Amino acid sequence: MIANIPTRIQPTDTPEQFNAAVLEAARRLRRGELVAVPTETVYGLAANALDAEAVSRIYEAKDRPAHNPIIVHVAGLEMARQCAADWPRLAEDLAAAFWPGPLTLVLSRAPIIPELVTAGGPTVGVRWPNHPFMQALIQACGVPLAAPSANLSGRVSPTTAAHVAKEFLGRIPLIIDAGPCPVGIESTVIDLTVSPPRLLRPGMIHVESLLAVTKGLLLGFGDSEEILRSPGRLPRHYSPRARLVILSWQDENDLRAQLARLPAAVGRVHVIAHHRIPAGLAGVRVSLIPHDPEAFARALYAELHRCDEEGAVWIVVETVPDAPEWHAIADRLRRAAAP
Ligand code: TXA
Ligand code: MG
């Protein structure tokens, strides 16, 4: 574990700050150091993807299991193709439709990608992120950047620089602050090395949108074997410290009765609601996220981080609708709630 190194948190608010941050981040990445960077989904913990020693520092800093492969971020189609041994027609079509954006394509690994990045496997996850800082940084580095979410393994992903700092202050040299991430949950991951292609992790680019491009040639979740290939699919993941339950209620009395039945419901309870907003529950903090999937995704992780900071013992999240645009949110909530 790397400990007690000075961590700089560098702003990007003005053009001058933005350019200085790009230069500083690129300088450190070229030296094999780790830099926490903003993307449109969540903050990432980046290293030069072509430098196995640098990538090994990601596993160490995150306490990440060695069997969990890391997504490679590119800035452009040419760089994406260089990471893959094979560039199928479907990759071309999906990239044309959704890149740059929150979609990761799993492809067969090109020899330039170190095996450490792919956890020894034959495939590599590639994503062209739609964030101005990340794009400028990858271009400045001239190499793809390996970056998992910038959280300790299994915990809630960070959507602000402050979330990253909570876990990595003193452990990495540089955190770039570009404000809150506009998407707020991790990218959709789709495996194009199997036929038919398979959805490994739902994201805000949802199945209906993918189907429009893949022309019905999809998908279904994998079987248990797949779990090892993509640990983001492990039942418990994306977890706050507090216990999380997903409930639905008719009205405030109904919710009060359900809260009373929570095992050992002592200590702070924090309710996250979007539809039936309780007003007067004693000793319970209620926060409201708009009933809109994009807004909900953008706000969710910040709420979970805040619950942990405030020492919540239980987090109660109101059930979300069973509709394609809510599926990724439902997936993350289910994993966060898993015992
Ligand atoms: O939005 C995102 O994808 C963020 C930002 C930083 O880009 N990254 C991210 O990385 O969420 P991470 O490592 O926290 O989650 C990546 C997921 C993991 O579940 C991993 O197992 C899976 O993608 N993955 C990566 N490469 C893979 C591969 N070659 N085959 C199967 N799954 C892969
Ligand atoms: Mg992650």
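Under a point-charge model restricted to the Cβ atoms of Lys and Arg (+1) and Asp and Glu (-1), what is the dipole moment magnitude of the chain relative to its Cα centre, in debye to the nearest 20? Present the calculation step by step, with values, prior to reporting the outcome.
Working: 33 positive and 35 negative charges, 148 e Å.
The calculated dipole for the chain is roughly 720 debye.
The alpha-carbon atoms of segment 139-179 define a convex hull whose volume equals 92 cubic angstrom per residue.
Grab the other residues whose beta carbon is less than 13 angstrom from that of D251, score K and R as +1, D and E as -1, and report the net.
Every neighbour counted, the sum reads -1.
Looking at segment 1-91, the accessible area is 45 square angstrom per residue; that uses a 1.4 Å probe and ignores ligands, DNA and RNA. Taking 7 Å steps out from each Cα toward its Cβ at D292 and E16 produces label points 3.6 nm apart. The modelled label-to-label distance between A52 and K166, using points 7 Å beyond Cα along the C-beta direction, is 3.6 nm. Three principal axis extents of segment 79-227 based on alpha-carbon atoms, in descending order, are 46, 31, 31 Å. Between R285 and R8, the contour length at 0.36 nm per residue exceeds the alpha carbon distance by 96.4 nm. Phi angles across segment 184-189 convert, under the Karplus curve 6.51 cos²θ - 1.76 cosθ + 1.60 with θ = phi - 60°, into 3J(HN,Hα) values of x, 10, 5, 5, 5, 10 Hz, Gly and Pro given as x.
Counting only protein heavy atoms and a 1.4 Å probe, tell me what percentage of segment 106-217's accessible area is made up of carbon and sulfur. Show your work: numbers first, answer last.
Details: 2090 of 3610 Å².
Answer for segment 106-217: carbon and sulfur cover 58 percent of the accessible area.
Here is the P(r) of the chain: all C-alpha pair distances, binned every 10 Å from 0, give 6, 26, 33, 23, 10, 2, 0 in whole percents.
Compute the convex hull volume of the Cα atoms of segment 272-339, divide it by the residue count, and report the result per residue in Å³ as a whole number. Can you show the working numbers first?
Details: hull volume 5.9 nm³, N = 68.
Considering the Cα atoms of segment 272-339, their hull volume per residue is 87 Å³.
One compactness figure for segment 254-308 is 1.20, namely its Cα radius of gyration divided by 2.2 N^0.38 Å.
Put simply, when 247-254, 124-131, 59-66 are sorted by average Cβ atoms within 10 angstrom per residue, most first, you get 124-131, 59-66, 247-254. Placing a label point 7 Å from the Cα of R261 along the Cα-to-Cβ direction, the residues of segment 292-322 with a backbone N closer than 19 Å are 314-320.
When a/c reaches 1.5 or more, the comparison of a/b and b/c decides; with that in mind, is segment 6-157 rounded, prolate or oblate per its Cα gyration tensor?
Values: a/c = 1.66, a/b = 1.21, b/c = 1.37.
Cα axes put segment 6-157 in the oblate bin.
Using only helices, what value at 222 nm comes out for the chain when you add -39,500 (n - 2.57) per DSSP H run of length 4 or more and divide by the total residues, to the nearest 500 deg cm²/dmol? Provide the component values of the computation, followed by the final result.
Working: 11 runs with 113 residues, N = 339.
Computed mean residue ellipticity for the chain: -10000 deg cm²/dmol.
Approximating the spin labels as points 7 Å out from Cα along Cα→Cβ, the D63-to-E310 distance works out to 2.6 nm.
The equivalent ellipsoid that matches the C-alpha gyration tensor of segment 1-87 spans semi-axes of 22, 20, 12 angstrom, in descending order. Axis angle, to the nearest 10 degrees, between helix 293-309 and the longest C-alpha principal axis of the chain: 80 degrees.
What is the packing order of peptides 39-48, 204-213, taking the mean over residues of other C-beta atoms within 10 Å and listing the highest first? Write out the running numbers ahead of the final one.
Values: 39-48: 27.2, 204-213: 17.3.
The peptides rank, most packed first, as 39-48, 204-213.
Using a cut-off of 13 Å between beta-carbons, work out the net charge of the residues near A97 (Lys and Arg +1, Asp and Glu -1, A97 not included). Cβ neighbours under 13 Å give a net charge of -1. Scaling the Cα radius of gyration of segment 117-185 by the globular reference 2.2 N^0.38 Å produces a ratio of 1.21. Between the amide H of R201 and those of V189, distances stay under 5 Å, these residues lying 5 or more places away or on another chain, with hydrogens modeled in the peptide plane.
The values are calculated or read from the model by the stated rules, or taken from the named source; none is laboratory data. What you are looking at is a predicted structure, and each value in this text was computed from that prediction instead of being measured. Don't worry about glycine lacking a Cβ; one is built from the backbone with ideal geometry, like all the others, and counts go over all protein chains shown. Accessible surface is based on the protein model in full, side chains and every heavy atom, while ligands, DNA and RNA are left aside. Shrake-Rupley method; radii C 1.70, N 1.55, O 1.52, S 1.80 Å.
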